[in-house]
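Please read the structure below before turning to the comments.
Derivation of every value follows stated rules applied to the coordinates shown; laboratory data play no part. Since we're looking at a predicted model, the values are computed, not measured. Note: ideal-geometry Cβ built from the backbone for every residue, glycine included; neighbour counts use all protein chains shown.
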Amino acid sequence: MFSSIKAWKLGAALKARGNATEAYSAVKELGRMGGPKAVTLLVSALDRKDGVARSAAREVGRLGGPEAAEALARHLPTVELHKAVLEALSVMGAEAVPKLTGLLKDPSPNLRCAVAEALGKIRHADATEPLIQVLTHDDAYAVRVAAAQALGEIQDQRAIWVLVATLKMRDESTAEQQQALAVLQEAARIALHKLGDPLGEKAAGGSGTLEEQVARMESELKEVADHHPKLAGELRRLGERDLVEVMHDLVSASEEISWAKVESRTPLLAPYFDTYEKRRETAEQVGRELLRRGGRKLLDEVLHKELNQYAAVANWWSHF
């Protein structure tokens, strides 16, 4: 009961107008208290859009919790709070990623841009695939630029091919769209530079026409590996989570092929997944290792719980 009364008093203090000392003190005290009630009260203070709100945002990020990430993200487009909210989400780190990636489909382009920027600040690999989808499908160029920049910050090698494909995009129909495409391609070049070799210097400042640069990059990329990067070393050294992530990447590649057929375009695939045989070989390689570690029980568990009984994988693993 005492804590409820204290929370009520602090909530009332948060409503003090202007840069009132009691409002700042309430923010700090709620941060010390912690718990869902404190987070809810601090979230309510974000609507002030002032110094108290910025202080509250930082405390919300530090406390975390189910309500925190989405509440913070919704205030990302608010100019007065943007920097403080970015800082708070960065503190939350991986905890904020699922909520943020969900907001990449929000109707507001401004929010989608801000969310992509936040994911770039967090730099968590789980954001790579959602950002790739934004880069290839979002109808707002500004959002796609933000996604390219974020992928450059995350530096996940899975983004290489989609960034190269962005450099290959053809002329748009209007001068405005052409200018927006040029901005996007510059963001893709910078992102590729941050990803490092084999694209680094070529992507940022290679000589020749755009077509020549892209052709050179594609040629060098094809020489990097025919196998998924996680499978480049000794298979037995990989953790179970790594093996599952390889299979998630494989399923994503298969789904990309299906979507490309529907949309009448060339699928964006990494070289180690660009043929049926490579995908099958990878699936069987991982399947044999899982079977060695945990028998058919582990294999079936991964297939059902992690891969949702994906038909192609079920077929490739059926003879084990």
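Read phi for every residue in region 101-112 and hand back ³J(HN,Hα) as whole Hz from Karplus 6.51 cos²θ - 1.76 cosθ + 1.60, θ = phi - 60°, with x for Gly and Pro.
Computed from phi, the couplings for region 101-112 are 4, x, 7, 5, 9, 4, x, 7, x, 4, 5, 4 Hz.
Given the peptides 180-187, 267-274, arrange them by the average over their residues of other C-beta atoms within 10 Å, most packed first. Can you show the working numbers first?
Values: 180-187: 16.9, 267-274: 19.5.
Most protected by this proxy first, the peptides run 267-274, 180-187.
Under a point spin-label approximation (7 Å from Cα along Cα-to-Cβ), what is the residue 125-residue 62 distance to one decimal in nm?
Here the modelled spin labels are 3.1 nm apart.
Report the gain in length on full extension from residue 137 to residue 265: 0.36 nm times residue separation, minus Cα-Cα distance, nm rounded to one decimal.
Stretched fully, the residue 137-residue 265 segment lengthens by 44.9 nm.
Can you work out the PRE-style zone for residue 177? Point 7 Å along Cα to Cβ, and I want the residues of region 259-300 with backbone N under 19 Å.
263-266
Between their Cα atoms, which of 121/168; 83/121; 49/83; 99/121; 49/121; 49/99 are more than 19 Å away from each other? Intermediate values should be presented prior to the final figure.
On the way: 121/168 27 Å; 83/121 11 Å; 49/83 12 Å; 99/121 15 Å; 49/121 22 Å; 49/99 22 Å.
Beyond 19 Å: 121/168; 49/121; 49/99.
Using packing as a proxy for protection, rank 127-139, 143-155 so that the peptide with the highest average count of other Cβ atoms within 10 Å comes first. Intermediate values should be presented prior to the final figure.
Numbers: 127-139: 20.8, 143-155: 24.0.
Descending mean neighbour count gives 143-155, 127-139.
Under 8 Å for C-alpha pairs, at least 6 residues apart: give me the relative contact order for region 233-320, rounded to a whole percent. Walk me through the intermediate numbers first.
Working: 48 pairs, mean separation 26.6, N = 88.
Averaging sequence separation for qualifying contacts and normalising by length gives 30 percent for region 233-320.
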